[in-house]
Amino acid sequence: MSPLESSRTPLQRRSFLKAITAGAVVTPFGLSLASCAAGGSGGGEAGGGGGAATGEVSDTNPFGVAAGSTVEAVVFDGGYGTDYASFAADLVEQNQDGVTVEVTGSTQIAQQMQPRFVGGNPPDLLDNNGANAIGLSTIAAQLEDLSDVVAAPNLEGTTIEDTLYPNVLGVGMYDGKLAAINYVLTVYALWYSQSLFDANGWTPPTTWDEALALGAAAQEQGLYLFTWGQEAASYYLTMALDSAIKEGGDEVRLQMANLQPDAWSGQAITDVLAAMEQVVASGYMRPGGAGTQFTAAQAQWSQAQEALLYPSGSWIENEMAEATAEGFVMTGAPTPTVSADAAMPYAAINNTPNEPFVVPSQGANPAGGKEVLRAMLSPETATEFARTKLASTIVAGTIPEDAFGSSALASQVAMLDAAGTDTFNYNFVQTYGMTADVNVLWNSFLSGASDAAALAEGMQAMFDRIREDDAVVKVEVS
Amino acid sequence: MTQTGPMTAAVPAAGTPQQGAPPPARRRRRAGLDRISLMVVFLGVPFAFYVLMVLYPFTQATYYSLTAWTGFSPEQPFVGLGNYARLAGDPTFLSALGNSLTLLLVVPLVTLTASFALAVLITFGGRSAGGVRGLRGSGFYRVVSFFPYVVPAIVIGIIWSQVYNPANGLLNGTLTAVGLDRFTDFPWLGDVDTAMAATVVVIIWSFVGFYMVLFVAAIQSIDTELFEAARLDGAGRFRSAVHVALPGIAGSVRTAYVYMGILALDAFVYMQALNPSGGPEGSTLVVTQEIYSTAFSQGQFGVACAMGVVLAAVTLAFVGAVFAVARLLGVRGGARA
């Protein structure tokens with residue numbers, strides 16, 4: 001034994017080892033808890049913004065942006081990028097004296113904005129979108145009413161509201177306040193290959209009976225009617241809801257969007273689910289979807305062409321651009337109805353717009369945020385967006401006759417024109433963050449593991465749970 | 001580890017001046033001063049850091065778990081234990097907790113058993129004639145089985161989600177090629193009976209090599225004479241493994257068990273890569289995923305923090321259980337890895 005070890009050292013070494021063990025014990029604590037801790041609680045500083053200096057209100061400056069002020073815009077950097085916002089920002093900088101606009105892209109909206117909302121220093125304009133978007137009902141109370149934006153003249157002097165497609169602002173309403181303006185028009189439809197359908201003499205189904213007949217025709221050729229991916233099983237919820245709303249009328253939409261207790265036992269939705277159950281039972285769904293990544297599943301439709309139809313929003317053309325077969329001629333058709341005498345015409349369509357832009361009240365320059373939004377809703381930016389993204393904004397009439405050579409965009413405009421005012425929208429699935437739970441139920445249903453009754457029961461239970469949960473901020477839809 | 005003894009013995013010889021025996025009192029005071037500076041530098045600073053960066057966030061998170069904080073506003077209405085009561089009646093959370101506990105039971109046990117078996121093969125599973133040695137080419141196996149650990153978890157998840165792809169994945173391709181037609185388009189990650197097992201296989205696959213290398217090092221520190229003596233007494237490979245190697249590396253196994261258990265309770269990256277929406281019927285949904293979606297997509301940070309506290313409590317209970325079992329089995333030694 002060395003002299004040092006004969007003193008208290010061995011004991012210390014042992015306690016040191018114990019300390020390390022304790023560290024190992026505490027590590028998991030850190031893993032599970034640190035994720036919850038806030039970056040910094042600036043609660044005391046809340047209310048620092050909002051009352052920012054304003055400039056003189058005029059026709060060319062309807063919100064009174066202060067000269068020389070700075071505007072901060074955070075834009076979801078997804079499929080559409082951020083350059084369209086930068087385009088609008090340049091217009092604002094040209095038109096407003098000495099105003100500078102900073103546009104930042106982000107794909108982690110909730111994670112990056114969460115401490116800023118708590119700290120009372122959110123950006124002046126926020127595009128709250130993507131997989132990491134903030135549930136809008138959570139922050140709705142902290143957002144500006146954007147009614148004055150749509151009531152304002154655009155950069156050419158026309159009132160913005162008069163330039164928009166019908167029924168595109170409803171999804172941004174939270175308790176009577178226009179909390180968000182969803183910028184990109186999205187048409188939810190059944191997408192198919194016009195060339196494949198022409199070659200076989202097929203037409204897109206207008207009723208579920210026709211869909212079943214088409215499924216049988218596909219099966220004869222060893223093809224399937226539909227395919228689906230595990231993360232996007234919820235697209236089939238959208239298709240079912242659209243079909244039921246067209247069949248049963250607007251009251252179906254209101255029942256669903258307000259999570260009514262008997263929403264899933266209505267006649268329209270029951271009929272639609274029965275038809276879809278028959279599609280599944282007849283083997284018209286391409287098998288394996290519950291274990292397939294969704295873009296791989298979509299390629300089974302657009303590339304391999306093993307399935308005839310795919311229900312999706314109009315982003316599908318852009319999303320599958322690299323994985324679409326030569327000569328596909330992607331075209332959209334409205335969702336089928338149950339019967340020929342449905343409450344809404346077959347041409348009626350779900351046009352729920354995407355990319356919700358919000359202006360937080362606590363921002364340093366809310367007027368500046370609105371001014372950028374005004375520039376975005378002006379024909380110049382909207383046309384630029386349509387040209388570069390091959391997608392329409394909610395501003396009508398920005399797509400030329402040839403639709404920039406895109407068959408999908410052309411059919412999108414044709415469907416909107418045919419629908420006229422028979423358009424409807426809803427976004428309760430996003431509002432309440434239901435997508436994950438929805439996917440669970442629909443993957444089971446589409447793979448044949450459950451049936452229509454179990455699906456309706458599961459969806460209703462989910463509705464009931466959210467409706468009865470006082471911790472969830474509800475949005476009354478009308 | 002075997003070096004520890006001689007090293008500590010050598011340090012005082014070089015460190016303490018041997019000229020003249022200083023009076024005991026003075027020596028003690030100098031040691032005290034040393035001790036104080038040592039404590040300030042090596043304990044005080046890290047402890048302050050620890051309090052600020054670890055304990056404070058824990059306390060904060062625990063407090064949030066008692067509020068109905070949405071996460072996006074400065075208001076944090078106090079609701080007491082309301083969030084916990086809510087969790088007790090939340091079927092999704094309870095099933096996620098059940099899934100996490102399943103992982104906790106299965107993953108460490110299977111991984112470490114497999115790692116130990118491989119380590120045995122590599123260290124003394126070779127020919128029984130001549131000296132004790134591993135299998136031929138054991139160096140190669142050691143490197144190959146370590147590979148998965150080098151690949152980031154998210155990449156592993158993506159690779160395996162392709163392997164499990166029902167239409168053109170490697171697994172179904174192989175199975176149908178050998179004539180098992182019932183696996184045509186079989187959704188391994190989309191079937192409620194196979195999703196969890198398929199996920200567990202991926203986690204185990206990625207860690208077996210690492211713990212094997214760990215156990216190999218530990219077994220090699222056991223005196224070879226023990227294995228030779230056991231063999232002379234007629235012990236086969238299996239008996240040598242269970243009665244010589246396992247007791248010899250018990251400390252390492254315990255530590256590995258704790259770490260693997262913590263990983264199993266987390267498992268976030270694997271789950272998110274293989275089945276981001278929680279799997280068929282929620283069969284692969286784990287608590288960490290539920291925390292994430294509750295906090296960020298449903299805007300209920302208070303509830304999410306309560307889930308975090310529950311998970312932390314489960315983790316602590318698990319670590320405590322491992323140490324208790326190890327003590328009952330007479331495992332000695334510190335937290336040696």
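See the values below:
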read-out: Among beta bridges that DSSP assigns inside the protein assembly as shown, antiparallel share in %, nearest 5; value: 60 percent
read-out: Cα-only radius of gyration and Dmax that characterise the protein assembly as shown, units Å; value: 31.9, 111
read-out: Occluded residues from the range A:430-478, i.e. those whose accessible area drops by 30 Å² or more once the chain is not alone (1.4 Å probe); value: A:Gly433, A:Val440, A:Ser444, A:Arg465, A:Asp469, A:Ala471
read-out: Residue-span extension gain [B:Ala117 to B:Ile36] - 0.36 nm each, minus C-alpha spacing; value: 24.4 nm
read-out: Minimum 50 Å² accessible area buried by the other protein chains, the range B:34-65 residues, probe 1.4 Å, relative to alone; value: B:Arg35, B:Phe58
read-out: Average accessible surface area per residue within the range B:89-328, 1.4 Å rolling probe, Å²; value: 43 Å²
read-out: Solvent-accessible area per residue for chain A (1.4 angstrom probe, square angstrom); value: 38 Å²
read-out: Helix-derived mean residue ellipticity, 222 nm - over the protein assembly as shown, DSSP H n ≥ 4, -39500 (n - 2.57), to 500; value: -15500 deg cm²/dmol
read-out: Highest-MSF residue in chain B out of B:Thr102, B:Thr176, B:Thr194 [GNM, Cα springs under 10 Å]; value: B:Thr176
read-out: Chain A, relative contact order [Cα under 8 Å, separation at least 6], %; value: 24 percent
read-out: Residue-wise HN-Hα coupling along the range B:308-313, computed from phi with Karplus coefficients 6.51, -1.76, 1.60 (Hz; x: Gly, Pro); value: x, 5, 4, 4, 4, 5
read-out: B:Ala317-B:Ala85 FRET efficiency (beta carbon distance; Förster radius 22 Å; 0.05 resolution); value: 0.60
read-out: The protein assembly as shown, accessible surface, carbon-and-sulfur percent (1.4 angstrom probe); value: 60 percent
read-out: Shielded residues, the range A:261-291 - accessible-area loss of 50 Å² or more between chain alone and all protein chains, probe 1.4 Å; value: A:Gly291
read-out: Interface burial for A against B (accessible surface, 1.4 Å probe, total of both chains, Å², rounded to 100); value: 4700 Å²
read-out: Mean-position separation - Cα centroids, the range A:81-120 and the range A:381-458, in angstrom; value: 26 Å
read-out: Choice from B:Leu101, B:Leu316, B:Leu246 with maximal GNM fluctuation in chain B (Cα, 10 Å cutoff); value: B:Leu316
read-out: Size descriptor, Kirkwood hydrodynamic radius, that averages inverse alpha-carbon separations across the range B:89-328, Å; value: 19.8 Å
read-out: Coil-residue GluC sites (Glu not before Pro) of the range A:378-478, DSSP, other Cβ within 10 Å capped at 15; value: A:Glu401, A:Glu476
read-out: Between the range A:203-272 and the range B:106-128, the alpha-carbon center distance in angstrom; value: 53 Å
read-out: Rg to Rh, two decimals, where chain A supplies the alpha carbon set and Rh follows Kirkwood; value: 1.06
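The values are calculated or read from the model by the stated rules, or taken from the named source; none is laboratory data. The structure displayed is predicted, hence computed values, not measured ones. Methodologically, a virtual Cβ is constructed for each residue, glycine included, from the backbone with ideal geometry; neighbour enumeration extends over all protein chains shown. Just the protein is used for accessible areas: all its heavy atoms, side chains included, with ligands, DNA and RNA removed. Shrake-Rupley method; radii C 1.70, N 1.55, O 1.52, S 1.80 Å.
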